[in-house]
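*Asks:* To start, I am sharing the structure in question, which I have written as structure tokens.
Readers should treat all values here as calculations from the given coordinates under stated rules, not as data from a laboratory. Only a predicted model underlies this, so the values are computations on that prediction, with no experimental measurement involved. Glycine also receives a Cβ, built like all others from the backbone with ideal geometry; neighbour counts cover every protein chain displayed.
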Amino acid sequence: MGRGEWFAPVPERATVLTDAQLAANFADIAPPLSNDAALLEANKCLFCHDAPCTIACPTHIDVPAFIKKIATGNLRGSARVILDANPFGHSCARACPVEVLCEGACVLNERDEQPIKIALLQRHATDYVLEKKLKLFEPGKPTGKRVAIIGAGPAGLACTRDLRCAGHAVTVFEAKPQPGGLNTYGIAEYKLKADVALAEVQDILDLGVELKSGVTVGRDIPFEQVLAEYDAVFVGIGLGATKALGIPGEDLPGVVDALSFIEHLKTHPYRDTRIGKRVVVIGAGNTAIDAVTQAKRLGAAEATIVYRRGESDMSCYHYEYELAKRDGCGFRFQAAPQRIVANGSGAVSGVEVRTPSGSETIPCDMVIVAIGQGERGEFAWPPDHPRVFTGGDCANGGAEIVNAAAEGVTAAKRIHEMLGGIVR
Ligand SMILES: Cc1cc2nc3c(=O)[nH]c(=O)nc-3n(C[C@H](O)[C@H](O)[C@H](O)COP(=O)(O)OP(=O)(O)OC[C@H]3O[C@@H](n4cnc5c(N)ncnc54)[C@H](O)[C@@H]3O)c2cc1C
Ligand code: SF4
């Protein structure tokens with residue numbers, strides 16, 4: 001075994017927690033509002049004219065407009081306002097870093113009051129249409145044009161939604177068995193579950209989209225062939241695998257990369273994801289925080305971030321850091337990993353680190369590597385080709401769902417215009 005595979009320190013059981021404890025640990029971190037609570041919250045909004053919350057949102061959802069509709073009991077209309085601007089308004093309501101976006105910009109912060117709970121209100125409205133299976137969008141009149149989307153993540157599918165509404169035929173090529181990108185395979189389980197992500201995606205596919213899943217462009221079909229067969233191509237392939245540490249011992253059993261660990265957790269019953277008793281997570285970005293928190297919630301007795309720089313250098317969001325601390329995760333700063341060491345039977349027993357005062361070995365039986373994603377290498381595409389468009393993580397270097405959705409929507413406008421359509 002090696003990176004990406006699993007080592008069970010307790011072979012007969014993946015975790016010592018019961019199924020009920022595991023379910024509680026991975027329940028939604030921000031539970032939905034009741035109808036009464038949503039009405040109360042909506043009525044606290046000042047419905048600002050130049051709403052800073054709307055400006056702060058990369059998709060510029062008209063926040064006061066959707067909140068007003070909740071206040072008047074029009075949940076369908078509210079969801080329409082949200083989803084019109086952001087085809088991933090449902091997953092964004094659960095996973096957006098709102099503290100640094102809309103809620104962080106809410107004018108109530110300036111009065112030392114709590115900001116409006118925009119994310120929970122957005123969830124209230126979008127949950128309603130998803131649960132009731134209400135169809136808010138329809139395919140446009142056929143234009144006879146065909147567009148290929150490479151990658152069924154938020155960027156590719158946001159672009160797909162608007163292209164279908166404009167009447168273009170869309171084929172989506174997706175390497176994984178399921179669509180949704182990291183929404184399905186990567187977002188922390190206590191924020192967004194795969195079945196919710198897939199329900200949101202299905203709404204887009206129901207507009208009449210051809211989905212070719214399990215097809216990697218550049219391997220199963222050449223990019224040049226796709227470009228030749230379609231009028232336009234959108235590339236939304238995200239980023240690649242977790243980067244390697246480049247230190248001895250990283251292929252030992254018990255070393256796993258963060259994305260494989262999280263993907264396994266999100267696609268299997270909780271107890272089937274094996275977890276060490278003492279887990280070290282190497283890295284200090286948002287993925288590292290998600291990995292350490294989920295390791296702890298899976299039942300690790302100790303889950304510790306090991307980071308070569310200091311606390312103030314961490315690239316994760318402050319509130320994610322606070323969550324990990326509340327979960328009882330440990331943090332070792334100024335500790336640069338030099339080597340992963342093994343016990344007599346060849347399994348991980350610790351991480352040797354260099355510290356300002358010398359070196360030491362931090363004992364552990366599992367290591368999760370979370371030092372960022374590399375670029376994908378299946379194919380090269382000409383970014384300045386007039387019929388090739390791009391957006392999302394592969395274009396912006398790695399941001400949030402909402403950025404990918406915004407860039408997919410913008411690309412759909414450009415593609416529509418290029419295909420002779422009038423952009424509203
Ligand atoms: C662990 C983790 C946690 C995150 N948590 C959050 C969060 O809480 N909130 C938030 O807003 N953002 C979060 N993000 C960021 C967010 O997930 C991404 O910004 C977003 O998913 C980017 O969307 P995308 O469509 O560009 O790429 P992706 O979601 O990566 O989708 C790209 C798709 O393209 C497919 N693909 C790749 N190559 C090919 C090919 N050659 N042929 C066919 N298909 C291909 C992939 O299989 C994938 O499905 C997180 C990211 C990670 C890694
Ligand atoms: S800034 Fe706050 S109070 Fe003003 S419209 Fe936005 S959510 Fe409402």
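*Asks:* Using the C-alpha atoms of region 35-132, what convex hull volume per residue, in cubic angstrom, is computed?
*Replies:* Spelled out: Cα convex hull of region 35-132, divided by residues, is 85 Å³.
*Asks:* Return the tail of the calculated pair distribution for region 286-422, meaning the percent of Cα-Cα pairs more than 17 Å apart.
*Replies:* Result: 71 percent of Cα pairs exceed 17 Å.
*Asks:* Of the beta bridges DSSP finds with both residues in the chain, what % are antiparallel, to the nearest 5?
*Replies:* 30
*Asks:* OK, next. Using only Cα atoms, find the angle between the long axis of helix 286-298 and the longest principal axis of the chain, and express it within 0 to 90 degrees, rounded to the nearest 10.
*Replies:* Approximately 70 degrees, to the nearest 10.
*Asks:* Would you please state the base-10 log of I(q)/I(0) at q = 0.09, 0.15, 0.17, 0.18 1/Å for region 219-341, with intensities from the Debye formula using one equal scatterer on every alpha carbon?
*Replies:* Cα-only, vacuum Debye calculation for region 219-341: -0.34, -0.75, -0.89, -0.96.
*Asks:* When the scattering of region 9-91 is computed by the Debye formula from its Cα atoms alone, each counted once and equally, what is log10 I(q)/I(0) at q = 0.14, 0.17, 0.24, 0.25 Å⁻¹?
*Replies:* -0.61, -0.76, -1.22, -1.26
*Asks:* For Lys141, which lysines qualify as cross-link partners when the Cα separation must be under 22 Å and same-chain residues fewer than eight apart are set aside?
*Replies:* Here the lysines satisfying the reach criterion relative to Lys141 are Lys413.
*Asks:* Then there's this: Dipole magnitude of the chain about its Cα centre, charges +1 at Lys/Arg Cβ and -1 at Asp/Glu Cβ only, in debye to the nearest 20?
*Replies:* 420
*Asks:* Stokes-Einstein at 37 °C, 0.692 mPa s, Kirkwood radius from Cα pairs: D for region 246-313 in µm² s⁻¹?
*Replies:* Roughly 260 µm²/s, to the nearest whole number.
*Asks:* Sorting Ile55, Ile247, Ile368 on the 10 Å Cβ count, fewest up front, what's the list?
*Replies:* Ile55, Ile247, Ile368
*Asks:* Next up: Going by Cβ distance under 4.7 Å, what cysteines of the chain have no possible disulfide partner?
*Replies:* Cysteines lacking a close Cβ partner in the chain: Cys45, Cys48, Cys57, Cys106, Cys159, Cys165, Cys316, Cys329, Cys364, Cys394.
*Asks:* Counting Lys and Arg as +1 and Asp and Glu as -1, each charge on the Cβ, what is the dipole of region 35-132 about the Cα centre in debye, to the nearest 20?
*Replies:* Using Cβ point charges on Lys, Arg, Asp and Glu, region 35-132 gives about 360 debye.
*Asks:* Mind jotting down the three principal axis lengths of the chain based on Cα atoms? Whole angstrom, largest first.
*Replies:* Computed over the Cα atoms, the extents are 68, 56, 40 Å.
*Asks:* To the nearest 10 degrees, how steep is helix 154-165 against the longest Cα principal axis of the chain, on a 0 to 90 scale?
*Replies:* Roughly 10 degrees, rounded to the nearest 10.
*Asks:* Given region 197-332, what count of lysine pairs have C-alpha atoms under 19 Å apart, with each pair 8 or more places apart or on different chains?
*Replies:* Lysine pairs meeting the criterion: 4.
*Asks:* While we're looking at this one, here's another question. Just from its helices, what would the mean residue ellipticity at 222 nm be for the chain, if runs of 4 or more DSSP H residues each count -39500 (n - 2.57) and the sum is divided by every residue, rounded to the nearest 500 deg cm²/dmol?
*Replies:* -10500 deg cm²/dmol
*Asks:* Please find, in a Gaussian network model of the chain (springs between Cα atoms separated by less than 10 Å), the residue of Glu99, Glu138, Glu229 whose mean-square fluctuation is greatest.
*Replies:* Of the options given, Glu229 has the highest mean-square fluctuation.
*Asks:* Helix 401-418 sits at what angle to the longest principal axis of the chain, using alpha carbons and giving 0 to 90 degrees rounded to 10?
*Replies:* Approximately 40 degrees, to the nearest 10.
*Asks:* Sticking with this structure for a sec: For Lys69, which aspartates and glutamates qualify as cross-link partners when the Cα separation must be under 13 Å and same-chain residues fewer than eight apart are set aside?
*Replies:* Partners within reach: Glu41.
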